[in-house]
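Input: a single structure, listed below in structure tokens.
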Amino acid sequence: MEIVRRPHARNLVRFAAHKPEVLVLSADLTSSCEADDFRAAYPERFFSVGMAEQNMLSLAGGLAREGMLPHVHTFAVFICRRAFDQVAMSVAYPNLRVRLVGFLPGLTTPGGVTHQAIDDVALMRVLPNMTILECGDATEVESALDVAHGVPGPVYLRMLRGEVPRLFSSSDPMVLGQMRLVSRGADLLVVSSGVCTEEAMRAVLALRRKGVSAAHLHVSTLKPLSGDGLCDFASEARLGVITMENHSVVGGLGSAVAEALAERGVGKRLVRLGVQDQYAHGASKSYLLAKYGLDARALIGAAERLCEAPLDIADGELLGVDKGPADEQSKAEAL
Amino acid sequence: MDVNEYVQEVARVAFGVRRRVLEHTIRNNGGYLSQACSSAEMLASVYSGLLKLGPSLGSRVPGPFLGVPSASNPAAASGASYNGPKAPDLDRFVFSPVHYALVLYAVLIETGRLSPEALEQFNKDGSMVELIGAEHSPGHEVTAGSLAQALSQAAGIALGRKLKGETGRVVVFMSDGELAEGQTYEAIAAAAYHRVDNLVAMIDVNGQACDGRMDSVMNVEPIAQRLRSFGAVVAEVDGHDATALLEAFATPHPGAPLMIIGRTDPCRDLPILQERAPKLHYVRFKDKGEMARYEAVLCGLRQKEV
């Protein structure tokens, strides 16, 4: 599998090249959020506001009112948790074209509970006017800004940084409101988002070898969710639906899918994989995904529950997707 | 601008605002009366020549509420239309302490931007003339009720206007309670750091907060020193003195925002309010006797007006 290094850094420079209204606001995490290449390329459009996120979000609202297109860069927790009221009142309520680019989604950081955004999707989902996009691979990182650009209101982008695998062909970019059908199957429906999609791909392959076929949907537009399309697949899934997200199971993809199924009367069993209403702590991504049940192994467990039978899949059988070199070493210690 | 005319106009508008807000408070048995007393001259000055504003584009009698901003609601109204058109050389007015909304509506009425009948819609269901204004309410450009966000938003508007090469200023009216919010100081620091010198704030320092006297709630002094230390140029004046406000606005502030501290009296021209001290935030009469005494004060003001 191709591993792409710092795709957002490069893409941001490309995206902004012929759009003089695109500004970047940064709260002292510029290279950590891969906005350093932008700063070097367009210094007059880069605004450092210091470690002061509340002001940054309201300031972005004011700039957007004047026709600027601010792209706020910081860690997801500092946009969604720390400055929630400012996002709600200065950005979302007036439906302004501000792009909130949030890094370190879920358990992708060893930075511990203060840096792990396990609630950001829930917080942004509850805001009227907000669109939510989540990147699952390098191709999506390279297309998310363009997707957001077409949205006439605020967009929260759950962004990946560093070494990012390419799961989807670069000729197949992210499209607003469109899920990706990763694989077809009749027994189960797996709905995944973000970094969980790579894990789910590994598990779905292993399941198939054991005779359990799963349809697998990757969701990058978390809000508005394509509920109709999703339920068409869910209705066809013989044993039930499994959602898998790098986020709390409360308020994110799992909740959104549950709402969609219930509202359409799709009576299927649902297993929500994700952080089970608890806080995590600081450690490596692979350790955390395993410990909190967000990895391929956790999906096998969920499938076993729905199949009501052990599937006897050994760890070695879950290594189907090549993880590539130095998966997260380059960023493991850096914040 | 003729300074004498401006001073007389501010006095006329401020008098009318206090009279009108008192009248409304009696009629509704409730109102933000001390805010009218403290801010009447500062808000009157905004619409009497201190700011370069065009004529109102809003309807003198506001229509019904047309819904909140969203992609599917292009009809959502902007209360900024009452402050005139947006043009590169014109100033923009941003109203932060939106619990002063009644006072702002009264100012708009006294300056001919709003019809007196507009107040009949005040705090009525389905109206835009809301108790705590939002950006659809007459005179309001941003949604500022979560206090201290307006200064940052105004700094963003001002920075955006600078980037576009516009010459007009962005003037924010604030209250002293907002000086307890950390975001206020974040905004000043950022505006100074990025040399947003088309930004002006005027602060009604009436020494009052919701719980009572400001200094019994939280200390925000020394205000001038605080604001200066974060990078603002500061002028401190008697907030009831129109000439002093005019001079304060002329303070040079190259490369930095200008913040004008207006020291004001929350009982100005209505000394009867002092009986309610220290809790002046919102007036609701204790009994008929108290209301009758306020009615007598209103009668006196009406005679003075004639």
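Here is how the numbers come out for the structure above:
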{"quantity": "So A:Ala40, is it surrounded by fewer than 24 Cβ atoms within 10 Å (Cβ to Cβ), more than 14 Å from every other protein chain (Cβ to nearest Cβ) and either modelled with pLDDT under 95 or farther than 30 Å from A:Glu199 by Cα (or both)", "calculated": "yes"}
{"quantity": "Considering residues of the range B:168-187 that are at the interface with another protein chain (Cβ under 10 Å from one of its Cβ atoms) and not polar (S, T, N, Q) only, the residue nearest to B:Ser81 (Cα to Cα)", "calculated": "B:Val170"}
{"quantity": "Selection from the range A:198-225 of residues that are of a type outside the set (Gly, Ala, Ser), over 21 Å from A:Gly252 (Cα atoms) and part of a loop (DSSP other than H, G, I, E, B)", "calculated": "A:Lys210, A:Val212"}
{"quantity": "Qualifying residue in the range A:169-183 (condition: touching a residue at least 24 places away in the same chain (Cβ under 8 Å) and within 14 Å of chain B (Cβ to nearest Cβ))", "calculated": "yes"}
{"quantity": "Out of B:Ala235, B:Ala256, B:Ala248, sole residue that is part of a helix (DSSP H, G or I) and either farther than 30 Å from B:Arg161 by Cα or under 23 Å from the mean Cα position of the chain (by Cα) (or both)", "calculated": "B:Ala248"}
{"quantity": "Any hit, the range B:184-196, residues being touching a helix residue (DSSP H, G or I) at 6+ places or on another chain (Cβ under 6 Å) and of a type in the set (Phe, Trp, Tyr)", "calculated": "no"}
{"quantity": "Any hit, the range B:18-31, residues being small (Gly, Ala, Ser) and closer than 27 Å to B:Glu247 by Cα", "calculated": "no"}
{"quantity": "Qualifying residue in the range A:117-124 (condition: buried (at least 24 other Cβ atoms within 10 Å of the Cβ) and either assigned to a loop (DSSP other than H, G, I, E, B) or hydroxyl-bearing (Ser, Thr, Tyr) (or both))", "calculated": "yes"}
{"quantity": "Filter result for the condition that a residue is within 14 Å of chain B (Cβ to nearest Cβ), crowded, with 21+ Cβ neighbours inside 10 Å, in contact (Cβ under 8 Å) with a residue 60 or more places away in the chain and touching a helix residue (DSSP H, G or I) at 6+ places or on another chain (Cβ under 9 Å), over A:Val91, A:Val72", "calculated": "A:Val91"}
{"quantity": "Where B:Gly165 falls short, out of the listed (1) more than 10 Å from every other protein chain (Cβ to nearest Cβ); (2) surrounded by fewer than 24 Cβ atoms within 10 Å (Cβ to Cβ); (3) touching a helix residue (DSSP H, G or I) at 6+ places or on another chain (Cβ under 9 Å)", "calculated": "(3)"}
{"quantity": "Qualifying residue in the range B:77-87 (condition: on the phi > 0 side of the Ramachandran plot and either within 14 Å of the chain's Cα centre (by Cα) or crowded, with 18+ Cβ neighbours inside 10 Å (or both))", "calculated": "yes"}
{"quantity": "Hits in the range A:226-268 - residues which are free of Cβ contacts under 8 Å to residues at least 60 places away in the same chain and part of a strand (DSSP E or B)", "calculated": "A:Val241, A:Thr243, A:Met244"}
{"quantity": "Among (1) hydroxyl-bearing (Ser, Thr, Tyr); (2) within 18 Å of A:Cys33 (Cβ to Cβ); (3) under 13 Å from the mean Cα position of the chain (by Cα) - the single one A:Thr131 does not satisfy", "calculated": "(2)"}
{"quantity": "Matching option when the condition is surrounded by fewer than 22 Cβ atoms within 10 Å (Cβ to Cβ) and touching a Lys or Arg at 6+ places or on another chain (Cβ under 9 Å), among B:Arg293, B:Arg226, B:Arg195, B:Arg284", "calculated": "B:Arg195"}
{"quantity": "Residues satisfying the stated conditions in the range A:14-29, i.e. crowded, with 18+ Cβ neighbours inside 10 Å, without any contact (Cβ under 8 Å) to a residue 60 or more places away in the chain and closer than 21 Å to A:Asp146 by Cα", "calculated": "A:Ala16, A:Val22, A:Leu23, A:Val24, A:Leu25, A:Ser26"}
{"quantity": "Search result, residues across the range B:65-82 that are at the interface with chain A (Cβ under 9 Å from one of its Cβ atoms) and either assigned to a loop (DSSP other than H, G, I, E, B) or among the basic types (Lys, Arg) (or both)", "calculated": "B:Val68, B:Pro69, B:Ala71, B:Ala76"}
{"quantity": "Matching residues in the range B:111-137 - criterion: being within 13 Å of B:Tyr82 (Cα to Cα) and of a type outside the set (Lys, Arg)", "calculated": "B:Thr111, B:Gly112, B:Leu114, B:Ser115, B:Ala118, B:Met128, B:Val129, B:Glu135, B:His136, B:Ser137"}
{"quantity": "The range A:75-88, residues that are surrounded by fewer than 24 Cβ atoms within 10 Å (Cβ to Cβ) and at the interface with chain B (Cβ under 9 Å from one of its Cβ atoms)", "calculated": "A:Asp85, A:Ala88"}
{"quantity": "Selection from the range A:269-296 of residues that are part of a loop (DSSP other than H, G, I, E, B) and among the basic types (Lys, Arg)", "calculated": "A:Arg269"}
{"quantity": "In the range B:136-159, the residues that are within 7 Å of chain A (Cβ to nearest Cβ) and under 15 Å from A:Glu66 (Cβ atoms)", "calculated": "B:Ser152, B:Gln153, B:Ala154, B:Ala155, B:Gly156, B:Ile157, B:Leu159"}
{"quantity": "Residue list for the range B:192-205, filter: more than 9 Å from chain A (Cβ to nearest Cβ) and either modelled with pLDDT under 95 or touching a Gly at 6+ places or on another chain (Cβ under 8 Å) (or both)", "calculated": "B:Ala192, B:Arg195, B:Asp197, B:Asn198, B:Met202, B:Ile203, B:Asp204, B:Val205"}
{"quantity": "Residue match in the range A:97-107 (condition: closer than 20 Å to A:Asp146 by Cα, out of contact with any Asp or Glu (no Cβ under 8 Å at 6 or more places or on another chain), surrounded by fewer than 24 Cβ atoms within 10 Å (Cβ to Cβ) and within 14 Å of chain B (Cβ to nearest Cβ))", "calculated": "yes"}
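The values are calculated or read from the model by the stated rules, or taken from the named source; none is laboratory data. Just so it is clear, the structure is predicted and the values come from calculations on it, not from any experiment. Because the Cβ atoms are built from the backbone with ideal geometry, glycine has one as well, and the counts that use them run over all protein chains shown.
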